[in-house]
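Values in this text are rule-based calculations from the coordinates and carry no lab data. Everything numeric in this text was worked out from a predicted model, so none of it was measured. All Cβ positions, glycine included, derive from the backbone under ideal geometry; neighbour counts span all protein chains shown.
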Amino acid sequence: MSEVLGLKAKLGLDVFKHDSEPHIRIKAGMEKDPRLKKAVLVCPAGLYSLNDAGEVEFTIDGCLECGTCRVACGTEVLEWNYPTGGAGVQFRFG
Amino acid sequence: MEKFDVIVVGAGLAGLAAAYTLAQEGLEVLVLERGDYAGAKNVTGGRIYLNPIRDLFPDLWKKAPLERFIAHEEVALMAKGKSLTVRYSGEDLRQEPYQSYSILRAKFDRWLAKQAERKGAMLVTKSRVDDVIMENGQVVGVRAGGDELRADVVIACDGVLSLVAEKAGLRKPGKPYDFAVGFKEIIELDSAVIEDRFGLEGDEGAARLFMGEVTRGKFGGGFLYTNKESLSLGIVVGIKDLMDGQPEVQAPALLDDFKLRPEVASLIRGGQTVEYSAHVIPEGGLKSFSKLYGNGILVAGDAAGFSMNIGVTVRGMEYAMASGYYAAQAVLKARETGQYGANQLSVYELLLNDSFVMKDFQSFKDAPVALDNPRLFTVYPELATTIMSELYAVGAGPKNRIYPTIRKHITIRQLWDMLGDFRKVRKL
């Protein structure tokens, strides 16, 4: 369908290969950092969300490895690497 | 321990162009790619301009798996509930050599990698480079998946974030102001439907840019490119503007709303979305470039910041391929001296300065500032469409005269502001 799909359905169209550990992590104690809250707005895959406690939660599943959160939040807040070789998203069209 | 003449990090356009050029000259080149295949991690909006790089790779283009040559250009000013579109079709766009093509990177990069391999380059996929090996202040190789690989020169073509250039001390993590994020869907449609819908003959293609309400007035815009059997439909938006809110919006919603616009919905109707992708884009221009070379290392493509948005054209891939080519030429020059220090490799910058790459970035060095003007994405689309709306309107009563209708919207204050905007845009 060309109609609007939910993000989950949209990400479900992509090919992802499992990695042994998440390649992006919120650094300990940074869950409430204002810099991290920006990730909620900028992530094209919608992987960051704000919970009731005012903390940012993050899931790696569906990460498009675009780099936006690294640019927006910075490396003091995020531990950021690419997935190990052969893991992560594999674009078929790009 | 294995030692190569050159290690290229990243099998994108810069890396493959460098590898192709070096292998052609008989050098032992290793290309390390973290994806399953070349192009697996690469995203484009989708169009490449060939004219500036045609002669750098004369044998390449005849069989290149490009999509459609762009024969129709459109730009739409988008306001709430209305839009104004300008369409340019010209014989110049329909004459060979065609100046630009739509492109899908997973397909193209994989093919380009094969061409580089055919010249003798060695491609290792599923290999992430974790660090550079430094000895006496010189990069002498890389660490990848526990292996130490050595070379006379490392060329960092690892994309917009270039962790390799960071590790080599040539750049710091980028600032939001200098980057945009692009995200897009590939929407499959029959080629016959695409041709009918966009008024295309055969391999002709169309490119459409949309500015204004599609990014809620933030820096950026929407884009649509026709491929052979699909459309590339997406949004580019400045990361700083997204972060600042005003209005606050989550990036994915911009694309969803874009698809719902009647101007777009009718074009993608019946299509099937088959992929969703995203990538950061360098937008900072000359001022935000990384250092281009160091001892034993060169930086090319997005890794160096070579991407340019001047509103009407948005370009990166030809700069990537050209910079890969010139990086290769710099290696060949340094090889004559047998040394690969920053001194010897600095010829890379001279080569770039003499080429269209740096000449373009010099000419358009003020583009990021000129385009960093919210009025371009708010006031003008609103103004232009409002005037059009009133010019076309025929109400129940008598119709207003045309000139006063226009004049009502363009006040002295408006003219003054426009002059200010014009002064900025004049730098383009």
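As a rough footprinting exposure proxy, the listed residues B:Arg315, B:Arg54, B:Arg426, B:Arg208 were ranked by other beta carbons within 10 Å of their own, and the order from fewest upward is B:Arg426, B:Arg54, B:Arg315, B:Arg208.
Computed about the Cα centre, the dipole magnitude for chain B is approximately 1260 debye when only Lys and Arg (+1) and Asp and Glu (-1) carry charge, each at its Cβ.
Between A:Lys27 and B:Gln339, the simple label model (points 7 Å from Cα in the Cβ direction) yields a spacing of 3.9 nm. May I ask you to list the aspartates and glutamates whose Cα is less than 19 Å away from that of B:Lys175, ignoring any residue fewer than eight positions away on the same chain? Correct list for B:Lys175: A:Asp33, A:Glu65, A:Glu76, A:Glu79, B:Asp158, B:Glu166, B:Asp241, B:Asp244, B:Glu283, B:Asp302, B:Asp366, B:Asp372. Please go through the residue pairs A:Lys17/B:Lys41; B:Lys365/B:Lys424; A:Lys10/B:Lys259; A:Lys27/B:Lys126; B:Lys63/B:Lys107 and name each one whose alpha carbons sit more than 19 Å apart in this structure. The pairs that break the limit, which is 19 Å between Cα atoms, are A:Lys27/B:Lys126.
Note on B:Asp256 and B:Thr313: the extension gain reaches 18.1 nm, defined as 0.36 nm multiplied by sequence separation minus the Cα-Cα distance.
In this rough spin-label picture, where each label sits 7 Å from Cα along the Cβ direction, the B:Ser346-B:Asn373 distance is 3.8 nm. Distance from the alpha carbon centroid of the stretch B:69-140 to that of the stretch B:385-422 works out to 41 angstrom. In whole angstrom, the stretch A:7-89 maps to an equivalent ellipsoid with semi-axes of 21, 15, 11, each derived as √(5λ) from the alpha carbon gyration tensor and ordered largest first.
What's the FRET efficiency of A:Asn81 with B:Val193 using the Cβ-Cβ distance as r and R₀ = 41 Å, to the nearest 0.05?
On the way: r = 42 Å, r/R0 = 1.03.
After rounding, the FRET efficiency stands at 0.45.
Under 20 Å from a label point set 7 Å out along the Cα-to-Cβ vector of A:Val4, the amide N atoms of the stretch B:66-98 belong to B:78-83.
Can you classify the protein assembly as shown as rounded, prolate or oblate using the Cα gyration tensor, where a ≥ b ≥ c are the square roots of its eigenvalues, rounded means a/c under 1.5, and otherwise it's prolate if a/b beats b/c and oblate if not? Prolate shape, in that a/c is at least 1.5 and a/b is the bigger ratio.
For chain B, modelled as a GNM with alpha-carbon contacts under 10 angstrom, which of B:Arg110, B:Arg401, B:Arg269 fluctuates the most? Fluctuation is largest for B:Arg401.
Per DSSP helix of 4 or more residues, -39500 (n - 2.57); summed, then divided by the residues of chain B. What does that give at 222 nm, rounded to the nearest 500?
Only helices count here, giving -10000 deg cm²/dmol.
Sorting B:Cys157, A:Cys43 by the number of Cβ atoms found within 10 Å of their own Cβ, with the fewest placed first, yields A:Cys43, B:Cys157. A Förster distance of 41 Å, applied to the separation of the beta-carbon atoms of B:Gln272 and A:Glu57, puts the FRET efficiency at 0.80. Shown is the FRET efficiency for A:His18 and A:Ser49, computed with R0 = 35 Å from the Cβ-Cβ distance and rounded to the nearest 0.05: 0.95.
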